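The block underneath contains the structure these notes are about, expressed in structure tokens.
Please treat every number below as a calculation from the coordinates, not as lab data. Remember, it's a predicted structure, so these values are computed and weren't measured experimentally. Positions of Cβ are generated from backbone atoms using ideal geometry, with glycine treated the same way; all protein chains shown enter the neighbour counts.
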Amino acid sequence: MASRAFLFLFMLWCAETIQFSTQQELPPTRLSSSDLAVLYDVGHSLRDQPGSDFFSTWRFDSPSAATDACSSFTGVVCSPSDDNADLRVTSLTLGEGVAASPGLAGTLPPSLANLTALSQLVLTPGRVAGPIPEALGGSALPALRLLSLSGNLLSGPIPASFAAAGALPNLHTLDLGHNRLSGPVPDGLLAMPSLRVLVLAANGGLSGRIPPLAVPLLHLDLRGNNFTGSIPRPLPATLRYLSVSGNAMSGPLDALDAAFADLTFLDLSMNAFFGPVPAALFAPRRRPEEEVPPPLAVLLLQRNNLSDPIPAPSEPAAVSGWTVDLSHNRLTGSLPAGLAAAGSLFVNNNRLTGAVPSEFARSVYAGSMTTLYAQHNYLTGFDSPLPLPGGNGPGADATPPLPDGVTVCLSYNCMVPPPVGPPGCPASSADEGSRPPYQCPAFNNGTGTVVTGGGGDLSWDDPEP
């Protein structure tokens with residue numbers, strides 16, 4: 001009898017142990033009450049614009065809201081907490097994020113900083129206005145790696161809390177572009193230890209000097225603001241993308257006279273930079289033994305006050321396939337033959353002299369260079385291994401057509417345009433022809449302005465960009 005009682009108790013203990021173990025292994029299904037309260041604030045601070053249906057799944061009137069939030073609320077992603085007691089919001093995307101959606105309106109609630117497990121916060125483009133909550137900075141969100149609030153109507157300064165010591169220690173990407181932010185960039189913002197991508201583009205009101213870059217940034221986009229001063233030195237050698245286009249910056253480009261092995265996009269256009277173009281920009285980006293194409297693909301320096309001759313590439317392969325825009329500056333001297341390896345070259349509206357080297361004719365006829373804009377200079381000829389229309393050499397009437405999609409514009413230089421053909425250069429240069437002889441130290445008769453191919457006969461015109 002005693003043995004039967006013992007066996008019964010043993011089986012009961014085993015059953016309870018199995019039940020307890022099973023209960024312990026079940027993952028949590030409910031969102032923590034603190035995170036649910038934040039979502040409630042978000043749902044009442046923001047609203048769908050007409051045509052947006054983002055908040056239709058956020059049902060706080062349901063008795064199962066704490067359970068539904070992680071499984072049914074659009075844009076909410078949860079993970080178990082460290083103690084495995086409740087779920088925590090780890091990713092929050094506010095808005096539908098599709099091109100046709102008008103996005104959200106309203107303001108950002110400061111309580112977002114209470115989502116202390118958050119690693120990603122994205123606000124899709126819309127009409128969310130007001131300031132960026134100061135509470136989002138500091139040490140409130142230690143796990144946050146991505147903060148994107150771009151394409152809205154956010155105004156005011158960048159919160160100083162973002163630049164405080166120890167703030168956002170794991171933040172990798174900060175995108176506040178295309179808003180209405182104003183004021184200076186806090187000094188410590190570019191010293192956040194994990195920051196690699198910073199986008200402040202197209203705010204219009206951000207101003208002052210760019211703070212020192214104290215971290216190995218990969219991507220820095222500051223275009224379309226009112227920044228002043230020079231490019232900070234030193235620039236991180238890790239940069240892949242740098243744009244300060246459309247600001248009020250000035251000074252020489254000494255900061256770029258260094259090696260940037262991974263730089264793929266550089267846009268300094270529409271500022272007041274002066275001095276020479278750094279020769280290092282046309283140097284090979286990698287060691288020859290690596291046998292990879294140079295990564296820099298786009299170099300935009302147009303509409304500044306750059307002067308002196310254009311530096312010659314150390315080798316043609318250094319600029320192979322690039323888009324290079326040096327237009328609307330004060331560059332002098334001759335056009336370096338090595339730039340003929342570029343895919344598109346804009347050197348119009350400068351003070352260049354001499355003849356265009358024959359390497360350019362070879363490149364445009366081969367189709368490797370699709371655009372050559374060199375109008376509004378003091379060029380005296382277009383050296384070509386092929387006979388050109390209007391020339392006196394044998395075979396002038398048999399000149400082959402330019403390849404489809406190739407445009408060459410040399411109007412308003414120190415050369416006489418041959419007979420006009422279909423327009424190929426910008427209409428703003430139409431009917432300008434060549435420069436008056438008194439503007440040209442050496443006027444070369446018999447050459448002119450090549451324009452677009454498009455499969456027809458090689459033709460001539462005189463426009464400008």
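Structure data summary
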{"item": "Ser79/Arg209 FRET efficiency (R0 30 Å; Cβ-Cβ; nearest 0.05)", "result": "0.15"}
{"item": "Contour excess over end-to-end distance, with Cα ends at Ala143 and Ala259 and 0.36 nm allotted per residue", "result": "38.4 nm"}
{"item": "Net +/- balance of residues flanking Leu153 in space, Cβ distance below 9 Å, scoring K and R +1, D and E -1", "result": "+2"}
{"item": "Under-5 Å amide H pairs with Ser182, H placed in peptide plane, nonlocal only", "result": "Gly156, Ile158"}
{"item": "Rough spin-label spacing in nm, given labels placed 7 Å along Cα→Cβ, for Thr57 and Arg233", "result": "5.3"}
{"item": "Extent along principal axes [Cα atoms of segment 120-270; Å; largest to smallest]", "result": "40, 27, 23"}
{"item": "Order of Ser72, Ser411, Ser148 under a 10 Å beta carbon neighbour criterion, fewest first", "result": "Ser72, Ser148, Ser411"}
{"item": "Net length gained if the chain between Ser307 and Ser72 were fully extended (0.36 nm per residue, minus Cα distance)", "result": "78.5 nm"}
{"item": "Sites Ala280 and Ser334 - FRET efficiency at Förster radius 25 Å, r taken between beta-carbons, to 0.05", "result": "0.75"}
{"item": "Span from the segment 169-207 Cα centroid across to the segment 22-72 one, whole angstrom", "result": "30"}
{"item": "Cβ-derived FRET efficiency at R0 60 Å, Gln49 paired with Tyr438, nearest 0.05", "result": "0.45"}
{"item": "Pairwise label distance in nanometres, Ala248 with Thr29, each label 7 Å out on the Cα-Cβ vector", "result": "6.1"}
{"item": "Convex hull volume per residue for segment 60-171, taking Cα atoms only, in Å³", "result": "110"}
{"item": "Surface/4 estimate of mean projected area, convex hull on alpha-carbon atoms of segment 173-238, nm²", "result": "3.9"}
